[in-house]
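Shown next, in structure tokens, is the structure this report addresses.
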Amino acid sequence: QVQLVESGGGSVQAGGSLRLSCAASGRTFSSYTMAWFRQAPGKEREFVARITWGAGSTYYADSVKGRFTISTDNAKNTVYPQMNSMKPEDTAVYYCAASKFRTVGTATSAYDYWGQGTQVTVSS
């Protein structure tokens, strides 16, 4: 059974940085795509970034391109988004997600497993 556990959320001032972690367990993830989504109050869950485990190819939403970097630590089965130059509009609950496929889109329906979410708050 796949488990995704996020950590590292918290509060930061605008312009600051934060790094989240997603520890994955229960499977061999070498063929999986890992992603981060976020959901702000009153809004739909939106795609942030994804990475294919092993190959390391990445894709970012325009809203975070150049500010966020997604990476993996294969030895720890952990996925990280490094979030820099943060803005108040980055405030949301951030979710880690996993898809069994390497070729996958940005819709929430494309992902098979989800973490419980971690709150990120950016103050101006």
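Laboratory data are not the source of any read-out in this text; all were calculated from the coordinates shown. All values derive from a computational prediction rather than experimental measurement. We place every Cβ from the backbone using ideal geometry, glycine too, and count neighbours over all the protein chains shown.
Based on every Cα atom in segment 1-59, Rg and the maximum pairwise Cα distance Dmax equal 13.6, 38 Å. Farthest toward the positive end of the dipole of the chain, out of Leu18, Trp114, Ile70, is the Cα of Ile70, where the dipole comes from beta carbon charges about the Cα centre.
With viscosity 1.567 mPa s and temperature 4 °C, the Kirkwood radius over alpha carbon pairs of the chain converts through Stokes-Einstein to a diffusion coefficient of 91 µm²/s.
Rounded to the nearest 20 debye, the dipole magnitude of the chain is 180 debye, with +1 charges on Lys and Arg beta carbons, -1 on Asp and Glu beta carbons, and the Cα centre as origin. Taking a straight line from the alpha carbon of Lys65, these lysines sit under 20 Å away, with near neighbours fewer than eight places off in the same chain left out: Lys87.
Bridging of Lys100 to lysines at a Cα separation below 24 Å is possible for Lys76, once same-chain residues fewer than 8 apart are set aside.
Between Ala23 and Gln119, the modelled labels are 2.2 nm apart [label points 7 Å from Cα along Cα→Cβ].
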